[in-house]
Protein chains: 2
Amino acid sequence: ESGTTMQIRYLLNGALPAQDVARLLESSPPKERKLLWELIDSKNEGEVLQYLSEDIGVQFMRDMDTERLIAVSESFESDDLADLLQHLPETIVKEVLASMSTQDRMRVEALLSYSEDSAGGLMNTDTITIRPNITVDIVFRYLRRHNTLPDMTDNLLVVSRSDRLLGTLPLTKLLVSDVNATVRDIMETEYTVIEAEMPASEVAQLFEKMDLVSAPVIDGSNKKLLGRITIDDVVDVIRDEAEHSMLSMAGLDDDEDTFSPIMKTTKRRAVWLGVNLITAFIASYVIGLFQNTLDQVVALAILMPIVASMGGIAGSQVLTLVIRGIALDQIGAANTRWLLNREIIVGLLNGLLWATVIAALTALWFDNIKIAYIIAAATIINLLFAATTGTLLPIFLKKIGVDPALAGSVILTTVTDVVGFLSFLGLATIFLI
Amino acid sequence: ESGTTMQIRYLLNGALPAQDVARLLESSPPKERKLLWELIDSKNEGEVLQYLSEDIGVQFMRDMDTERLIAVSESFESDDLADLLQHLPETIVKEVLASMSTQDRMRVEALLSYSEDSAGGLMNTDTITIRPNITVDIVFRYLRRHNTLPDMTDNLLVVSRSDRLLGTLPLTKLLVSDVNATVRDIMETEYTVIEAEMPASEVAQLFEKMDLVSAPVIDGSNKKLLGRITIDDVVDVIRDEAEHSMLSMAGLDDDEDTFSPIMKTTKRRAVWLGVNLITAFIASYVIGLFQNTLDQVVALAILMPIVASMGGIAGSQVLTLVIRGIALDQIGAANTRWLLNREIIVGLLNGLLWATVIAALTALWFDNIKIAYIIAAATIINLLFAATTGTLLPIFLKKIGVDPALAGSVILTTVTDVVGFLSFLGLATIFLI
């Protein structure tokens, strides 16, 4: 073994924190990533896996034999383990579950029953529960019997004999309370509680709105306490949600790995290019309708991309803004009309401004005042269509259950291309020929 | 006063939590927003302001007289107040500061000296500090003397007589420790500490990586404890950072208010349209070089947008991926070459695939095999340029200190338009005419 390899092995197995090792793996191309992974000692794999993005972690776990998988799974928290197991073949999952203690297995099985994108999929089962009738002094003694408390414990959860949630006791409150007070006296009865079925995106909004560190999760039907969600897992949801729109608008997957191998990348990208090719051919078809006009006035061919492009840019500004507004839950029936009005007026004002500039430049370039008028009119028309489509399209797509970030930009481009070419070449055919 | 107005007033002043009132204001067009704000009682304004996005909050504060501003500022935490004061005229800031107690004023003045985008600008001064030589029992008694502990207190900070940070004592550890142990025995000496000058984006990365709820902030020069940063403020940074790329790529401001008034919106958008108009005219200029060719073969005018559009789509996929990779700090000198290689190969493969499809459709449509070959070649050339530009451009822009998300898409479109038209019309001029 060379000196360099030994140094790398040393770095990967303790000299660097597991978070940094995970980051290093994520920033490496596939081949190097695999080589580095092989240099990590079995006993450290579990910790590194916890910090790896799910997509990459699952790949490594697929290559492990079951024995090693079982060993690794012991270092996981139940929620992280459940997330990963969801992506592994069922026979392997069964073997891993069979190797666990009854209590742990039941926890993980319960978590596996929830969708990864729900509160149940985000939650962990490491709650500290207390009963309402004991005193603060006894709570302290009870806690002292633990060796450690779970990370991010900011609340103790007060439950009834039948595991129903009665209240929460923040540690910050416990610590300032009279030791003789009972839990019931000092517990919070107004607190945020989450049902296991709540979508992850709503959980994230709730955490952001209420500035939570953790929140208890209950069963929606019988109201029993199931576990808790902590902010570290919610931060991942918030980042994914915020990135989702940008990636989708470029037709990229949410779990797009920057260093995916060539064939995987090619396939994913090919689909998006194919969809956009349809758009491009529709635009060409519209241009083809005016073959005769173009044949007579070649200046039109030179200028026509300007009209389409200005519409596309203006439209995608509106689209981006509305998609974000929808994601932040700011846009609803009450303000759609106002928003549409504003966008149409903004489109008209910017249309007038830039149409004037475009017309002036066109008149100078081609010394033809008629074409200048025509391109100005087409620009204004296209900017108005762009404003209307950019506003209403994402709202409509959302309503019919289609992701506006994914479908929005393709459809918008089709509209602005078609309207751009149609209005410019159409007006030219009427007034020039 | 009508019944409806009374109902709204009731909702805004207590029936709805302040977070929901803030959300309602943010989701309202300017005029309605102002009317709603006027219905909120003075005594509740401070709380609502705390949850409002900064842009909107500052607008309301600008309209207040100084007396009201002083009253409102009393309900703020020092870090939030400092953030807002930064946007108000200096004379007003002085008056507000003069109204505060010496201790509070010194805190806020210290915070005002840091940039909003630094750790100092994010931090709060509400730390609970203890000395290392006392026992756990005394810590408990000390804490019990407080009426409340600050929100999100997960650590007590252990400091020397001269306010230097010696360690942290997590509440979860305090609660399980022997009451006779001293703080020095049980405190954590390996912990994350942040210097006040650290950029907010690095703070966010650190919080995500280390799963922190709060972290102490020290003065970089003398190492004295200044305050702490809590996850709720960091979550805002994480969301803003993740949204930044998407908004910038459409030429929108980070603090873009979905319901900005018409003139503000028009001006902001106009700049972006103007920049893109230059791009469009450059593309038109390139087309104009081939006026004679277009005059002879009108099919070229019909087909040319396809080549430019496929390049634009392929390029923006790469661009988006690389911009995200840079934001996540995954891309550096070590892997740029690999990434470029992959993108060129992916571009070539998808180029071959879609060039074949485009050529077949072209041959069918125009019954001209020569044009089919030419458009295929141009598509492949443009996809290769798109891959190279999409990869290297954002890395280069980042290196010279220009925001890749803002400048990247405009420059990329210019490249794919110019190369698309140039290669298609150029090849046609050589081989057709």
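The values are calculated or read from the model by the stated rules, or taken from the named source; none is laboratory data. In this text, all values refer to a predicted model and were calculated from it rather than measured experimentally. All Cβ positions, even for glycine, are placed from backbone atoms using ideal geometry, and neighbour counts span all protein chains on display.
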In this structure, is residue A:350 in contact with a helix residue (DSSP H, G or I) (Cβ under 6 Å, 6 or more places away or on another chain) and within 7 Å of chain B (Cβ to nearest Cβ)?
-> yes
Return yes or no: is residue A:315 more than 7 Å from chain B (Cβ to nearest Cβ) and either surrounded by 22 or more Cβ atoms within 10 Å (Cβ to Cβ) or without any contact (Cβ under 8 Å) to a residue 24 or more places away in the chain (or both)?
-> yes
With the checklist (1) within 14 Å of chain A (Cβ to nearest Cβ); (2) more than 23 Å from the chain's Cα centre (by Cα); (3) of a type in the set (S, T, N, Q) in hand, flag the one item residue B:28 doesn't pass.
-> (2)
For the range A:156-190, how many residues are charged (D, E, K, R), closer than 20 Å to residue B:154 by Cα and either part of a strand (DSSP E or B) or not assigned by TED's automatic domain parsing to the domain that holds residue A:226 (or both)?
-> 1
Condition set facing another protein chain (nearest Cβ under 10 Å), in contact (Cβ under 8 Å) with a residue 12 or more places away in the chain and part of a helix (DSSP H, G or I), scope the range B:216-241, selection surrounded by the most Cβ atoms within 10 Å (Cβ to Cβ): answer is B:231
Taking the stated definitions as given, is residue A:153 in the same structural domain as residue A:133 (by TED's automatic domain parsing) and outside any helix (DSSP H, G or I)?
-> yes
Going by the structure shown, is residue A:248 of a type in the set (S, T, N, Q) and at the interface with chain B (Cβ under 7 Å from one of its Cβ atoms)?
-> no
Considering (1) more than 7 Å from chain A (Cβ to nearest Cβ); (2) surrounded by fewer than 20 Cβ atoms within 10 Å (Cβ to Cβ); (3) over 22 Å from the mean Cα position of the chain (by Cα), say which one residue B:271 fails and leave the rest.
-> (3)
Just a yes or no: is a residue in the range A:102-124 in a loop (DSSP other than H, G, I, E, B), of a type in the set (D, E, K, R) and either on the phi > 0 side of the Ramachandran plot or within 14 Å of chain B (Cβ to nearest Cβ) (or both)?
-> no
Out of the range A:111-139, which residues are in contact (Cβ under 8 Å) with a residue 24 or more places away in the chain and among the aliphatic types (A, V, I, L, M)?
-> A:111, A:112, A:119, A:122, A:123, A:128, A:130, A:134, A:136, A:139
Check whether at least one residue in the range B:405-427 is closer than 27 Å to residue A:33 by Cβ and more than 28 Å from the chain's Cα centre (by Cα), and report yes or no.
-> no
Looking at (1) exposed (fewer than 14 other Cβ atoms within 10 Å of the Cβ); (2) over 20 Å from residue A:324 (Cβ atoms), which is the only condition residue B:254 fails?
-> (2)
Residue hits (the range A:201-215; closer than 21 Å to residue B:20 by Cβ and buried (at least 22 other Cβ atoms within 10 Å of the Cβ)) are A:203, A:204, A:207, A:212, A:213, A:215
Which numbered condition residue B:10 fails, given (1) within 25 Å of residue B:217 (Cβ to Cβ); (2) of a type in the set (Phe, Trp, Tyr); (3) more than 14 Å from chain A (Cβ to nearest Cβ) | (1)
Which condition breaks for residue A:137 when tested against (1) modelled with pLDDT of 95 or more; (2) touching an Asp or Glu at 6+ places or on another chain (Cβ under 7 Å)?
-> (2)
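Regarding the range B:178-189, can at least one residue be identified that is facing another protein chain (nearest Cβ under 7 Å) and either of a type in the set (Gly, Ala, Ser) or crowded, with 17+ Cβ neighbours inside 10 Å (or both)?
Here is the first cut: in the range B:178-189, the residues facing another protein chain (nearest Cβ under 7 Å) are none.
No, every residue in the range B:178-189 fails to be facing another protein chain (nearest Cβ under 7 Å) and either of a type in the set (Gly, Ala, Ser) or crowded, with 17+ Cβ neighbours inside 10 Å (or both).
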Exactly one condition in (1) buried (at least 21 other Cβ atoms within 10 Å of the Cβ); (2) among the hydroxyl-bearing types (Ser, Thr, Tyr); (3) away from chain A (no Cβ under 14 Å) is not met by residue B:388; state its number.
-> (1)
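Yes/no per residue for (1) under 30 Å from residue B:61 (Cβ atoms); (2) surrounded by 17 or more Cβ atoms within 10 Å (Cβ to Cβ); (3) modelled with pLDDT under 95:
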{"site": "B:84", "(1), (2), (3)": "yes, yes, yes"}
{"site": "B:93", "(1), (2), (3)": "yes, yes, yes"}
{"site": "B:98", "(1), (2), (3)": "yes, no, yes"}
{"site": "B:105", "(1), (2), (3)": "yes, no, yes"}
{"site": "B:116", "(1), (2), (3)": "yes, no, yes"}
{"site": "B:133", "(1), (2), (3)": "no, no, no"}
{"site": "B:143", "(1), (2), (3)": "no, yes, no"}
{"site": "B:158", "(1), (2), (3)": "no, yes, no"}
{"site": "B:170", "(1), (2), (3)": "no, yes, no"}
Need at least 3 residues that are farther than 22 Å from residue A:342 by Cβ and touching a residue at least 12 places away in the same chain (Cβ under 8 Å) per element, so show me which helices (runs of 4 or more DSSP H) inside the range B:6-90 make the cut, counting only ones lying wholly within it.
-> B:18-26, B:42-51, B:66-73, B:78-85
Failed criterion for residue B:262 (all others in (1) more than 9 Å from every other protein chain (Cβ to nearest Cβ); (2) over 19 Å from the mean Cα position of the chain (by Cα); (3) surrounded by fewer than 19 Cβ atoms within 10 Å (Cβ to Cβ) hold) = (1)
Name every residue in the range B:125-139 that is within 11 Å of another protein chain (Cβ to nearest Cβ) and either within 23 Å of residue B:103 (Cβ to Cβ) or within 38 Å of the chain's Cα centre (by Cα) (or both), in order of residue number.
-> B:128
Selection count, the range B:291-311, where residues are more than 7 Å from chain A (Cβ to nearest Cβ) and surrounded by fewer than 24 Cβ atoms within 10 Å (Cβ to Cβ) = 5
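Does the range B:41-68 hold any residues that are within 14 Å of another protein chain (Cβ to nearest Cβ) and not hydroxyl-bearing (Ser, Thr, Tyr), and which are they? Steps first, please.
First, the residues of the range B:41-68 that are within 14 Å of another protein chain (Cβ to nearest Cβ): B:47-48, B:50-53, B:55-56.
B:47, B:48, B:50, B:52, B:55, B:56 - these are the residues of the range B:41-68 that are within 14 Å of another protein chain (Cβ to nearest Cβ) and not hydroxyl-bearing (Ser, Thr, Tyr).
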Could you run through the range A:140-162 and say how many residues are more than 9 Å from chain B (Cβ to nearest Cβ) and either in contact (Cβ under 8 Å) with a residue 40 or more places away in the chain or not aliphatic (A, V, I, L, M) (or both)?
-> 8
